[in-house]
Amino acid sequence: MNRLFSSVIVFAIALCSTVLAQDTRTVKEPVFPPACSTLTAELSMSSPGMKQADVPEQDQEAKLDTERIQHALDTCRKGHAVVLRSGADKDAFLTGPLQLRERVTLIVDKGATLYGSRNPAVYETAPGSCGIITRPAHPMDSVPLTGCKPLISAEHVSGAGVMGDGVIDGRGGARLLRQNISWWGLAELTRPGYGHQVSRLVVADYSDNFTLYRITLKNSHNSHVNFNHGDGLTVWGVKIDTPTQMARNTDGIDPGDGAKNITITHTYIRDGDDNIAIKGGPGGVTNMTVSHSHFYWGHGMAIGSQTVGGVSKLRVFDLSLDGTDNGIRIKSNGSRGGLTHDIVYDDVCIRKSHSPIVLDTGYTAGGELKGDFPPTMRDVTLHNVRVSGGGKITFNGYEHDYRVQANLDNVLLTDNANYTYSLSHADLHLGPGPVNLKFPAGTDSTVEGTPAATGTPASCDAMFVPFPVQ
């Protein structure tokens, strides 16, 4: 069978599976469960427990709401929710780590904000383990974030969730108690061979059917949402809002090792790292849908860099990426690679991105470029993708036997901005719709197919919307 005929068959199979292979659940918009208890705020941002200036250090963080919130979660009936609401002149809750319970939801009501403590001691998993810089056991190892508990965690519980029209603010840019540095400042000081120990905002581990609904998440110390070893994640109507500068590693949503059946929809994300990063650890990630969403600053819609367990059956549609560093991105390298396949991007608009399309096996920010786990990318389809504002377009495979294979159908550059290209160890099939990318002769690469003549691309104007004001 010649390579052209094989590519056409693969492309047809990919299109036929567009609807069938994604989140296998029937996902509907969540609803707020009835309240089992309602807690009223006793603090505001001007309270001594919240202020950082004009208050003696020993009086700061003096009043935490952790105990009363955790007690309410522990005693809540299954299928119900603990509601945090503002009072007459109070709108803030201040907490250390909280643990969700089986089929119990935490609701932060409109007008209320749940703030994370600035005290590393309340997060530590061992004495002195949090809010520090550490070295790995081996120079080539990364430093896992095991020294700090998440602000909100769900562990071995099903049906838990976080909802509401309020805000959860990790205060990653705030100065740590009794230190002259912020959580984000620790990340800025980290250099190769070192790591830092900070908290994540929301982590669900071995917790099926976890739900995030309408909540605003801000200023995490590290990634905002992590979901691992679980079957069923619904993220609906969520806003993630964190600066792009001085907020390293603040990914928006990271489905990770052993995650499956994931729907992320009607979301708005801007942060200091990947807007979404699908991290295919040893257990892989599969059956995932990203739809009807908008990304702003950040590093884009990413798969990787971990793909050692495989990433498959991903559908991304009705997505805008406005000013992200990268647009559509699959990244890996020889130390953490595996098979990424059965991936479809459909109806995607990208503008003002440094790298609007990147499929690259030479990712340098983690691990060695060459190693025992070479990455392969195949059955990747880009359909109805429009790009403007210039940038670099990359399809770089690992080597001859570990390639990048992609199908481009109706993929259009919509302006005359400057675009550059990189192509190696790649096989691209163009068409049947128009494709106006101007690929050069690549290293050990093929570009085949007969795309239709370029017409007028569909407008992206309606897809680029402002970030919603809280």
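The values are calculated or read from the model by the stated rules, or taken from the named source; none is laboratory data. Computed from a prediction, not measured in an experiment: that's the story for all the values here. Here Cβ is always computed from backbone atoms with ideal geometry, including for glycine, and neighbour counts include all displayed protein chains. Just the protein is used for accessible areas: all its heavy atoms, side chains included, with ligands, DNA and RNA removed. Shrake-Rupley method; radii C 1.70, N 1.55, O 1.52, S 1.80 Å.
I'm trying to understand the selection: among the residues of region 364-381, which are of a type outside the set (S, T, N, Q), crowded, with 22+ Cβ neighbours inside 10 Å and closer than 18 Å to residue 301 by Cα?
Let us first name the residues in region 364-381 that are of a type outside the set (S, T, N, Q), namely 365-375, 377-380.
Filter once more, keeping what is crowded, with 22+ Cβ neighbours inside 10 Å: 375, 377, 380.
Within region 364-381, 377, 380 meet the criteria.
What is the number of the single condition among (1) modelled with pLDDT of 95 or more; (2) open to solvent by 30 Å² or more (accessible area, probe 1.4 Å); (3) in contact with an Asp or Glu (Cβ under 7 Å, 6 or more places away or on another chain) that residue 68 does not meet?
(3)
So which of 24, 38 ends up being modelled with pLDDT of 65 or more and not in a loop (DSSP other than H, G, I, E, B)?
None of the other options fit; the residue is 38.
Do the conditions hold for residue 315, that is, is it among the basic types (Lys, Arg) and closer than 18 Å to residue 385 by Cα? Before you say what the answer is, go through the steps one by one.
Details: among the basic types (Lys, Arg): yes; closer than 18 Å to residue 385 by Cα: yes.
The answer is yes for residue 315.
Can you give me the ranges of the strands (runs of 3 or more DSSP E) entirely in region 242-305 with at least 1 residues that are open to solvent by 10 Å² or more (accessible area, probe 1.4 Å), touching a residue at least 40 places away in the same chain (Cβ under 8 Å) and in contact with a strand residue (DSSP E or B) (Cβ under 7 Å, 6 or more places away or on another chain)? First the steps, then the outcome.
Details: elements: 253-255, 259-265, 268-270, 276-278, 285-295, 301-303.
Correct list: 259-265, 268-270, 285-295.
Can you tell me which condition residue 231 does not meet? The list is (1) under 14 Å from the mean Cα position of the chain (by Cα); (2) at pLDDT 95 or above; (3) over 23 Å from residue 469 (Cβ atoms), and all the others hold.
Condition not satisfied by residue 231: (1).
Being assigned to a strand (DSSP E or B) and open to solvent by 50 Å² or more (accessible area, probe 1.4 Å) is the filter here, so list the residues in region 173-187 that pass it. Quick ask: steps written out before the conclusion?
Filtering region 173-187 down to residues assigned to a strand (DSSP E or B) leaves 175, 182.
Within region 173-187, just 175 meets the criteria.
Determine, yes or no, whether residue 312 is polar (S, T, N, Q), closer than 18 Å to residue 376 by Cα and touching an Asp or Glu at 6+ places or on another chain (Cβ under 6 Å).
On the way: polar (S, T, N, Q): yes; closer than 18 Å to residue 376 by Cα: yes; touching an Asp or Glu at 6+ places or on another chain (Cβ under 6 Å): yes.
Yes.
Are any residues in region 412-446 touching a His at 6+ places or on another chain (Cβ under 8 Å) and outside any loop (DSSP other than H, G, I, E, B), and if so, which ones?
Of everything in region 412-446, just one residue is touching a His at 6+ places or on another chain (Cβ under 8 Å) and outside any loop (DSSP other than H, G, I, E, B), namely 443.
Would you call residue 394 over 19 Å from residue 318 (Cα atoms) and in a loop (DSSP other than H, G, I, E, B)?
Working: over 19 Å from residue 318 (Cα atoms): yes; in a loop (DSSP other than H, G, I, E, B): no.
Spelling it out, it is not the case that residue 394 is over 19 Å from residue 318 (Cα atoms) and in a loop (DSSP other than H, G, I, E, B).
Residues 89, 169: which one is without any contact (Cβ under 8 Å) to a residue 60 or more places away in the chain and farther than 25 Å from residue 197 by Cβ? If you could, list the steps in order and put the result at the bottom.
Values: 169 fails: farther than 25 Å from residue 197 by Cβ.
Exactly one of 89, 169 is without any contact (Cβ under 8 Å) to a residue 60 or more places away in the chain and farther than 25 Å from residue 197 by Cβ, namely 89.
Tell me the residue from 372, 347, 409 that is acidic (Asp, Glu), over 29 Å from residue 281 (Cα atoms) and touching a residue at least 24 places away in the same chain (Cβ under 8 Å), please. So that I can check it myself, show each step before the final result.
Values: 372 fails: over 29 Å from residue 281 (Cα atoms); 347 fails: over 29 Å from residue 281 (Cα atoms).
Every option except 409 fails the conditions.
Against the condition open to solvent by 40 Å² or more (accessible area, probe 1.4 Å) and hydroxyl-bearing (Ser, Thr, Tyr), how does residue 394 come out, does it pass? I'd like the intermediate steps shown before the answer.
Numbers: open to solvent by 40 Å² or more (accessible area, probe 1.4 Å): no; hydroxyl-bearing (Ser, Thr, Tyr): yes.
No; evaluated as a whole, the condition is false for this residue.
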